[in-house]
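**Student:** My questions will all concern the structure given below.
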Ligand SMILES: N[C@@H](CCC(=O)N[C@@H](CS)C(=O)NCC(=O)O)C(=O)O
């Protein structure tokens, strides 16, 4: 299967998909989108993803958008190794962990939201506090879940979809200097997962468009 990922090195939504692809052992081509330069807003990228957001994954002539649904598609089309547990109640917990990051933390902290806040003359310190506040709220909900269900990784002893979401969100939290000391189970799981070779290969610094 021919796969082309439209990605940006530091952006967390494509980072999730890179982890998923790597965990499934799938090779893909990489098309960088420069978010700082606003390339996502251009006509060329709009023809790929009308929402003007990364990621987009081109797969055999289909264009897939929305990182969570791309991960679900990967799981359906490439079931091994599984990124969801077998038992429905367990799968639900993993999906709930993903939902906290993808639906409750990330959307209010996305680049376009921060740019909109800046236009309101809120000031950078207040914007940074905003980001930290929503990450902190989400992590406070995730911490007991990971403490209960984690066993090295966020859920159990092998990587799941929850790690695909958690690792990029913790990377982003560290960029914004979030104090992770109240979240030892969460930080421990993210750091452990980050050492997994497939997950390490998806790290922003290892991408062709990295600026480090
Ligand atoms: N819900 C979408 C979110 C995608 C998204 O917000 N991507 C960000 C990067 S993490 C983006 O492209 N931002 C560009 C912008 O805000 O202009 C997903 O999970 O794929």
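The values are calculated or read from the model by the stated rules, or taken from the named source; none is laboratory data. Please read these numbers as outputs of a predicted model, since none were measured by experiment. Here Cβ is always computed from backbone atoms with ideal geometry, including for glycine, and neighbour counts include all displayed protein chains.
**Student:** Going by the conditions given, is residue 9 modelled with pLDDT of 95 or more, within 18 Å of the chain's Cα centre (by Cα) and within 25 Å of residue 205 (Cα to Cα)?
**Tutor:** When the stated conditions are applied, residue 9 passes them.
**Student:** Okay, next question. Has region 145-158 got any residue that is at positive phi and in contact with a strand residue (DSSP E or B) (Cβ under 8 Å, 6 or more places away or on another chain)?
**Tutor:** In the first step, residues of region 145-158 are kept if they are at positive phi; the result is 152, 156.
Cutting the leftovers down to in contact with a strand residue (DSSP E or B) (Cβ under 8 Å, 6 or more places away or on another chain) gives us 156.
Yes, because at least one residue in region 145-158 is at positive phi and in contact with a strand residue (DSSP E or B) (Cβ under 8 Å, 6 or more places away or on another chain).
**Student:** Mind checking which residues of region 1-14 are near the ligand (Cβ under 8 Å from one of its atoms) and not in a loop (DSSP other than H, G, I, E, B)? Break it down stepwise before answering.
**Tutor:** First, the residues of region 1-14 that are near the ligand (Cβ under 8 Å from one of its atoms): 8, 11-14.
Residues satisfying the conditions are 12, 13, 14.
**Student:** Next up: Taking residue 126 as the residue in question, decide whether it is exposed (fewer than 14 other Cβ atoms within 10 Å of the Cβ) and at pLDDT 95 or above. I'd like the intermediate steps shown before the answer.
**Tutor:** Working: exposed (fewer than 14 other Cβ atoms within 10 Å of the Cβ): yes; at pLDDT 95 or above: yes.
In short, yes.
**Student:** For a quick check of your reading: which helices (runs of 4 or more DSSP H) sit entirely within region 86-179 and have at least 2 residues that are more than 18 Å from the chain's Cα centre (by Cα)? Step through it out loud before you land on a result.
**Tutor:** Details: elements: 88-99, 106-109, 111-119, 124-149, 161-175.
So the answer is 88-99, 111-119, 124-149.
**Student:** For residues in region 145-178 being without any contact (Cβ under 8 Å) to a residue 12 or more places away in the chain and farther than 17 Å from residue 16 by Cβ, which is surrounded by the most Cβ atoms within 10 Å (Cβ to Cβ)?
**Tutor:** Taking the candidates together, the pick is 151.
**Student:** Another question, then. Restricting attention to region 15-33, and to residues there that are touching a residue at least 40 places away in the same chain (Cβ under 8 Å) and away from the ligand (no atom under 16 Å from the Cβ), which single residue is surrounded by the most Cβ atoms within 10 Å (Cβ to Cβ)?
**Tutor:** Residues of region 15-33 that are touching a residue at least 40 places away in the same chain (Cβ under 8 Å), as a first pass: 15-26, 30, 32.
Keeping just the survivors that are away from the ligand (no atom under 16 Å from the Cβ) gives 22-26.
Values: 22: 20, 23: 26, 24: 18, 25: 10, 26: 15.
Across region 15-33, the extreme among qualifying residues is 23.
**Student:** From the list 36, 63, 54, pick out the single residue that is within 12 Å of the ligand (Cβ to nearest atom), in contact with a strand residue (DSSP E or B) (Cβ under 7 Å, 6 or more places away or on another chain) and either assigned by TED's automatic domain parsing to the domain that holds residue 10 or modelled with pLDDT of 95 or more (or both). First the steps, then the outcome.
**Tutor:** Numbers: 36 fails: in contact with a strand residue (DSSP E or B) (Cβ under 7 Å, 6 or more places away or on another chain); 63 fails: within 12 Å of the ligand (Cβ to nearest atom).
Exactly one of 36, 63, 54 is within 12 Å of the ligand (Cβ to nearest atom), in contact with a strand residue (DSSP E or B) (Cβ under 7 Å, 6 or more places away or on another chain) and either assigned by TED's automatic domain parsing to the domain that holds residue 10 or modelled with pLDDT of 95 or more (or both), namely 54.
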